[in-house]
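Okay, so here's the structure we're looking at.
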Amino acid sequence: MLLAGFAAQPLQAQNDRSFEIAKNLEIFSSVYKQLNLNYVDDVDPGKAIKVAIDAMLASFDPYTNYFPESDIEDVKLQLLGEYGGVGAIITQRGDSVYISEPYKGLPADEAGLKAGDRIVAVNGESTKGKKVPDVSSAMRGQAGTQVTLRVEREGKEFERTLTRREIKLPNVPYYGYVGPKGDVGYIKLDEFTNDAAKNVREAFVKLKKDKPGMKGVVLDLRGNGGGLMNEAVDIVNIWVPRGTLVVETKGKVASKNLKSYTRLQPEDTEIPLAVLIDGGSASASEIVSGSLQDLDRAVVIGQRSYGKGLVQNILPMPYNSQMKVTVSKYYIPSGRCIQAIDYSHRDENGRALKVPDSLKTAFKTKSGRTVYDGFGIEPDIEIEPEYMSNLAIALVQKLLIFDYATDFYRKHKEIAPAETFEITDEIYNDFCRYLKDKKLSYNTVTERVIKELRDVAKQEKYDSAIEQQLKEMESRLATEKESDLQKHREEVCEMLKAEILTRYYYDQGRLQGALKSDKAVLRAVEELSGKGVKGE
């Protein structure tokens, strides 16, 4: 009789849960019906239900999302790096939208559209007052269909009719050699979309073939938000033996509990390897960097990664809609999960909580080094992050770097190759002259502190006693700000170089031009050219 009672408890709990689900679905249905019947204005059923679904999913985690049929192009872009469109990045300026970068060899580029062109209309509909998402949505569509853009350049308007294509963004935008001797390979991976592992493998094989004496290779995963887990496993496989455990997933549904092993012959298990990460490296990037770290196969350099140890699956829904659902957590070879935020527990304001230090657990790498779970991947060699100066922020926000590069491109037909181009004194002085009538203004932290001090002094009735000193400080600061363009010259030059190179050599040129002064890359070259990287 006692055993029967125990057996009945799970069944009773299941029945109670089924009843709660049915009850609340009935309540939701009744609420919508009554709104549809009685609300003073017409109710848009698709919009109302989408808002309700989004609000429900927001209570779980940021990665569980619903996509109606109209947003399927966005899903393709997220998962596959593909979408139907013309191949151009656009940006907002006031109530207008501009092309900021056409992708090389794609419809916008082939039609002669350039960075700095203002999009006046899409298919005859004015873009004035519209935001980037609206204009982007109008420009996208099924491959093979046409879209007509009316653009304005240097005061003149013209039209171009473009045939949309299936745009596949390159997941490896650049690979080559770095270091003073040019004997260290470099591979930049932007996304873990389809064929990412194939492209990384091909890049590595070509680098190694072209330079048999290559000292090592740098895999750059900075800013890479992740993607397909199987691609991550196959990338690790390039440098570790077949049959090596890379990642294990554990979820509520037994079928989601999987162990993923390398399945191919590696290309090279001995060459020194460095992986670059930062706060934007997440998910699949953390599988690659974390597993290579756990296996003591690579040195990890940069800043702590994002800390996303959650796995999502795409589930088909009625009427061609889809839902991306978090189904499990992943664990890398040492046994640690790097998930940094606990979405199942929230504070009084509804914010998810970070995993506290007290709950972090120590794990061991293959050679016995200590690593921890619960806060992303901690690099073996940390590079202090660089923050933009207030001057640089203002130049970017006001699009002054962008505008100067556009003007420069229109005046100069060609420049030096990307790997050798530099901002000369002549170019920089010309940029400084360009800024003189642009009303560049910005507030420094010091200025904000002085303002706050004045406000506090006024409240405490000290303002009259220190006002003269505050004015003197403001005057000296104003004088100092006049020299900011020289004080921050190195930073501004790098920004100018990147924007100008993009005009001539597209994204690949920008990446190539930045490598010579990239501190993380330089540190990786130093490490790879010296000692080995197997846990030393």
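Taking amide H atoms as placed 1.01 Å from N in the peptide plane, the amide H of Val327 lies under 5 Å from those of Val311, Gln312, Asn313, each 5 or more residues away in sequence or on another chain.
If you take the square roots of the eigenvalues of the alpha-carbon gyration tensor of the range 88-161 and sort them as a ≥ b ≥ c, do you get rounded (a/c under 1.5), prolate (a/b over b/c) or oblate? Rounded. Annotation: the chain has a Kirkwood hydrodynamic radius of 27.2 angstrom, from the mean reciprocal C-alpha pair distance. Computed from phi, the 3J(HN,Hα) profile of the range 466-477 under the Karplus parametrisation 6.51, -1.76, 1.60 (θ = phi - 60°) reads 10, 4, 4, 5, 5, 5, 5, 5, 5, 5, 5, 5 Hz, with x in place of Gly and Pro. Quick check: from the Cα gyration tensor, does the range 233-299 come out rounded (a/c under 1.5), prolate or oblate? Oblate, since a/c reaches 1.5 and b/c is not below a/b.
With just the Cα atoms defining each centre, how far is the range 183-213 from the range 369-403? Give it in Å. Rounded to whole Å, the Cα centres lie 25 Å apart. Between amide H atoms placed 1.01 Å from N, distances below 5 Å from Gln322 occur with Phe67, Met317, all of them 5 or more places distant or on a separate chain. Once backbone amide H atoms are built at 1.01 Å from N, Asn224 has Ser281, Ala282 as its partners under 5 Å, excluding neighbours fewer than 5 places away on the same chain. In summary, the aspartates and glutamates within cross-link reach of Lys104, defined as a Cα separation below 13 angstrom excluding same-chain residues under 8 places away, comprise Asp507. When exposed loop sites are taken as chymotrypsin sites (Phe, Trp or Tyr not before Pro) in a DSSP loop with at most 11 other Cβ atoms within 10 Å, the longest stretch of the chain clear of them is 40-318.
When the Cα centres of the range 462-514 and the range 239-268 are compared, how far apart do they sit, in Å? Cα centres, the range 462-514 to the range 239-268: 48 Å.
Bridges between two residues of the chain, per DSSP, are antiparallel at a rate of about 75%.
Coordinate-derived values only; no laboratory data. Just so you know, these numbers come straight off a predicted model, no measurement behind them. Positions of Cβ are generated from backbone atoms using ideal geometry, with glycine treated the same way; all protein chains shown enter the neighbour counts.
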